[in-house]
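The values are calculated or read from the model by the stated rules, or taken from the named source; none is laboratory data. Since this is a predicted model, take the numbers as computed values, not measurements. Methodologically, a virtual Cβ is constructed for each residue, glycine included, from the backbone with ideal geometry; neighbour enumeration extends over all protein chains shown.
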Amino acid sequence: MRLEGMRMRMLVRTMAQTALIGDIYFLFPLFLLALLFLLYKTFRSSPSKGSSLPPGPSPWPIIGNIPQMGRESHVSFTHLAQTYGPLISLRLGPRLLVVASSQATATEILKVHDSVLSGRFAPQSASDLKDNPERMTIAWAPECNDQWKSLRTLYRSELFSSKLLESQAFLREKKVMELISFLSIKEGEAVNIGEVMFATVFNILSNLFLSKDLVSFEDDGTDGGIKQLVKKIMVLASTPDLGDLFPIFKRLDIQRLNKRVKELFEKISARWENIIKERRERVDCSVSSQQDFLDVLINHGFTDDQINNMLHELFTAGTDTSGTTIEWAMAELMKNEEAMNKVRDELTKEMRGKFVQESDLPRLPYLHACVKETLRLHPPAPFLLPHRAIDSCTVMNYTIPKDSLIFVNAWAIGRDPVAWDDPLAFKPERFLESDVEFKGNHFQFIPFGAGRRICPGLSMAAKQIHFILASLIHSFDWSLPEDMHPANLDMNDKFGIMLRKKQPLILIPKARHSQ
């Protein structure tokens, strides 16, 4: 009888445990659903009572709107703006992203609320640069602080002033003549325009900074060449990082982006380490007749690490923007024969010598119009560089919370039918009777940004782009490879921090003048 009672109690206990396990298995999905619902509500909730975020698509729990970004985010965000309006908000994991896609919203962010929204969000792959007090940066400075202002003043006075740009003309002319000589040797052969533009612009800058060529036209296509190293850095900087989206992963570097960027920086820095060392060994570089930008930096007391950081930033920003724009301009002109003929006729009429000189550029309005039209359709940085809200503010009756990430979709604004007639067509004539410029005063046309964060090297970039493009067109007749027709030229872009051609532009030069 006692044994039977023990068996009964064990049976009851087993049934209870089984029921408890069953309850757990039953309740766990409910618990998970409740957790996801709470997270969803958190993501969708307003930052404070009485405030509202800009409209946008509903985010998924945890991951937010990441699936809706797509591989071509500038295009995806443009389509979302057509549905939700020119100022939208999305969730990238727990981080809030606000995207402006019209002239009016760009004006609000880059002019009306510029002081509050001029912070910078640096990608996690550059976290060591962002957090290092030794880092001297204009592009990634978290705020427009005293250090940022001091460095920008130094660049303006010692590198980008009108007087200095004018004195540097002989150097640009020398490097462009080297480009023409190289292309003359390649007459009748296929040339990768992007590659030779990179080499030309990079060497213009390296001579301004270091008085030395650092790349060649012939052999920089290898994996160890600076061209490939810079391209890899730009790819890594464009790669979404879990540490940016989810703070819990910030220090883990799961994708090894930080490590890989550091390795690439070290390889590039090796190209000029000896130059810096030799320059420092001079008794007094302040009395040197050379006086390039490296001398200026040394005389101002910057450390080697600081100089390395500044050179990386200047080379990366200055080379890619100019080289990519020239490649796009040549592609558009090859596709639009009438525009190409107008540029060539203008050059023939206005030229005073056999080769283009910078002094010829003011007399070439149609060339300038072609460059503007290229920048409208193909801004070098489709989202400029990401802004950050230093504090909460209200924009067009919507709340932008503190530390929100902010994109200004310059690509969408340049193609907005509200601001532009026939916006997808390449029509340089639209700029001939227009006072619209890219200097940050016309917010329907902001390829170099506007406000405090406008590109400090805008004037230098403009001179390089116009001068090199004019020289290419005046010195050579260009044709596509035999199996290609201009109408079929691939004009798709490859999304990243810089908007490159998806398919490199391959052209065949034929000299128009004896060298």
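Brief remarks follow.
- Condition met for residue 209 (more than 30 Å from residue 115 (Cβ to Cβ), free of Cβ contacts under 8 Å to residues at least 12 places away in the same chain and assigned to a helix (DSSP H, G or I)): no
- Residues (assigned to a helix (DSSP H, G or I) and out of contact with any Pro (no Cβ under 9 Å at 6 or more places or on another chain)) located in the range 469-488: 469, 470, 471, 473, 474, 486, 487, 488
- Yes/no for residue 431 being touching a His at 6+ places or on another chain (Cβ under 8 Å), among the aromatic types (Phe, Trp, Tyr) and surrounded by 17 or more Cβ atoms within 10 Å (Cβ to Cβ): yes
- Residue within the range 333-342 that is outside any strand (DSSP E or B), surrounded by 22 or more Cβ atoms within 10 Å (Cβ to Cβ), at pLDDT 95 or above and touching a Ser or Thr at 6+ places or on another chain (Cβ under 8 Å) present: no
- The range 484-510, subset within 25 Å of the chain's Cα centre (by Cα) and among the polar types (S, T, N, Q), residue farthest from residue 425 (Cα to Cα): 503
- Only one entry of 163, 175 meets the criterion of being among the charged types (D, E, K, R), under 17 Å from residue 470 (Cβ atoms) and part of a helix (DSSP H, G or I), and that entry is 175.
- Residue in the range 42-96 that is modelled with the lowest pLDDT, counting only those that are of a type in the set (Val, Ile, Thr) and over 26 Å from residue 493 (Cα atoms): 42
- Residues being outside any loop (DSSP other than H, G, I, E, B) and under 17 Å from residue 195 (Cβ atoms) - total across the range 489-514: 7
- Of the residues making up the range 61-106, just one is among the aromatic types (Phe, Trp, Tyr) and surrounded by fewer than 21 Cβ atoms within 10 Å (Cβ to Cβ), namely 84.
- Scan of the range 365-409 for residues that are acidic (Asp, Glu) and within 25 Å of residue 466 (Cβ to Cβ), ordered by number: 373
- Scan of the range 411-436 for residues that are within 15 Å of residue 110 (Cβ to Cβ) and either polar (S, T, N, Q) or without any contact (Cβ under 8 Å) to a residue 60 or more places away in the chain (or both), ordered by number: 414
- In the set (1) assigned to a loop (DSSP other than H, G, I, E, B); (2) modelled with pLDDT of 95 or more, residue 352 fails one condition alone, (2).
- Residue within the range 269-283 that is acidic (Asp, Glu), assigned to a helix (DSSP H, G or I), at pLDDT 90 or above and crowded, with 17+ Cβ neighbours inside 10 Å present: no
- Residue count, the range 428-481 (criterion: among the acidic types (Asp, Glu) and touching a strand residue (DSSP E or B) at 6+ places or on another chain (Cβ under 6 Å)): 1
- Top-ranked residue in the range 379-434 [being closer than 24 Å to residue 238 by Cα, small (Gly, Ala, Ser) and part of a loop (DSSP other than H, G, I, E, B); ranked as nearest to the chain's Cα centre (by Cα)]: 381
- Going through (1) among the hydrophobic types (A, V, I, L, M, F, W, C); (2) touching a residue at least 12 places away in the same chain (Cβ under 8 Å); (3) over 30 Å from residue 390 (Cα atoms); (4) assigned to a helix (DSSP H, G or I) one by one, residue 170 falls short only on (2).
- Residue 399 falls short on exactly one of the conditions (1) within 27 Å of residue 507 (Cα to Cα); (2) in contact with a strand residue (DSSP E or B) (Cβ under 9 Å, 6 or more places away or on another chain), and that condition is (1).
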